[in-house]
Amino acid sequence: MIKVLVVDDSAFMRKAITAMLQEDPEIKVIGTARDGVEAVQMVQELKPDIVTLDVEMPRMDGITALKEIMQKCPVPVIMVSSLTTEGAKVTLEALELGAVDFIPKNLAELSVNIIKIKGMLIDKIKTIGKRGLVKRKPVIKPAEPKIEVPKVEIPKTRITTERKVGIVSIGTSTGGPKALQEIIPKLPKDFPVPVVIAQHMPPNFTKPFAERLDQLSQLSVKEAEEGEPIKPGVVYVAPGRGHMRIKRRGIETFVSISEDKEEFIYRPSVDVLMMSVAESYPGRTLGVILTGMGNDGAKGCRKIKETGGRVFAQNEESCVVYGMPRAVVEAGLADKVVSLEEMAGEIINAV
């Protein structure tokens, strides 16, 4: 039985979330809190397995409450955030402070959309709650623009007349924002190939996330735009409004954004991105699968391998959720299984 504490200043939200969670026999809501003050107190008293935490609340907001929970009694926290640009920025801050994931809610149509998040919320709670993901207090560091990171030396034996990797394609979901902030800022400013990323996120979240990564990184990081050319040393984050593909026209490659739902349930789809990259850079693609629920990316990694590329997967111990990497590893598609701490160095040495 997974014990959940629901925190929200809205009585409707507390009741709705409690009702939908308790429909699952493996979940038990052991308490509800109206604000951050109550949340911090109840986490220490009730010792829940997981907490759903609203962002905007009276007395103590969700961000302040999250900081106190992580310092006093660390527990996996899922943020419940509004689908707005401001909501996205606050949610990204929460993920940096230790929250493991978030559930978006549309405040304009709350009573209609609350039911739509039921399956997503239950899946996240069951997956995250069973793993007990918070094992240590997070180290909270102030943001610093363009962090200087020591360059990882590339072995002389890898120097060739032709570069073996022409592009790096990264796919991730739950836990991805923190994982990407561990990897992208460590890539040197003279990184010689482009990087494309598919991170499962709602539309209003991907641009602020790209801007945040850009502030932390030596490389230029941006939300990808329809039709723009792919350039070395630039990191392109797929927009959350649809699926991103990399297409080739002659010797040039460019971004193509499709807003059709298609048959892929995750947006933006890792499979869609990686399959297109494998076609545009046959034999020269490095695919990287990071933490996330489900198996998005497995088809894309298979395409990368079929066209002669390589695949790295994050190891189970460093994943928030070992779903996407597990699917790749168990399918025999991973050339290397790498810890999050070592992933940046492995990527640098591969190119």
Counting only helices (runs of 4 or more DSSP H) wholly inside the range 70-150, the ones holding at least 1 residues that are open to solvent by less than 20 Å² (accessible area, probe 1.4 Å), at pLDDT below 80 and farther than 16 Å from C319 by Cα are 85-97
Checked the range 21-46 for anything without any contact (Cβ under 8 Å) to a residue 40 or more places away in the chain, closer than 16 Å to V75 by Cβ and not polar (S, T, N, Q); matches are K28, V29, I30, G31, A33, G36, E38, A39, V40, M42, V43, E45
- request: Look at P282 and say whether it is at pLDDT 95 or above, part of a loop (DSSP other than H, G, I, E, B) and either open to solvent by 10 Å² or more (accessible area, probe 1.4 Å) or of a type outside the set (A, V, I, L, M) (or both).
  value: yes
Original post:
Can you find a residue in the range 244-261 that is in a helix (DSSP H, G or I) and either without any contact (Cβ under 8 Å) to a residue 60 or more places away in the chain or crowded, with 17+ Cβ neighbours inside 10 Å (or both)?
Top reply: no
Of those in the range 224-237 that are crowded, with 18+ Cβ neighbours inside 10 Å and not hydroxyl-bearing (S, T, Y), the residue farthest from D260 (Cα to Cα) is V234
- Task: Looking only at the range 201-216, decide whether some residue is open to solvent by less than 70 Å² (accessible area, probe 1.4 Å), in a strand (DSSP E or B) and of a type in the set (A, V, I, L, M, F, W, C).
- Result: no
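The values are calculated or read from the model by the stated rules, or taken from the named source; none is laboratory data. No experiment lies behind these values; they were computed from the predicted model shown. Note that we place each Cβ from the backbone using ideal geometry, even for glycine, and neighbour counts take in every protein chain shown. Surface areas here come from the heavy atoms of the whole protein model, side chains and all, with no ligands, DNA or RNA. Shrake-Rupley method; radii C 1.70, N 1.55, O 1.52, S 1.80 Å.
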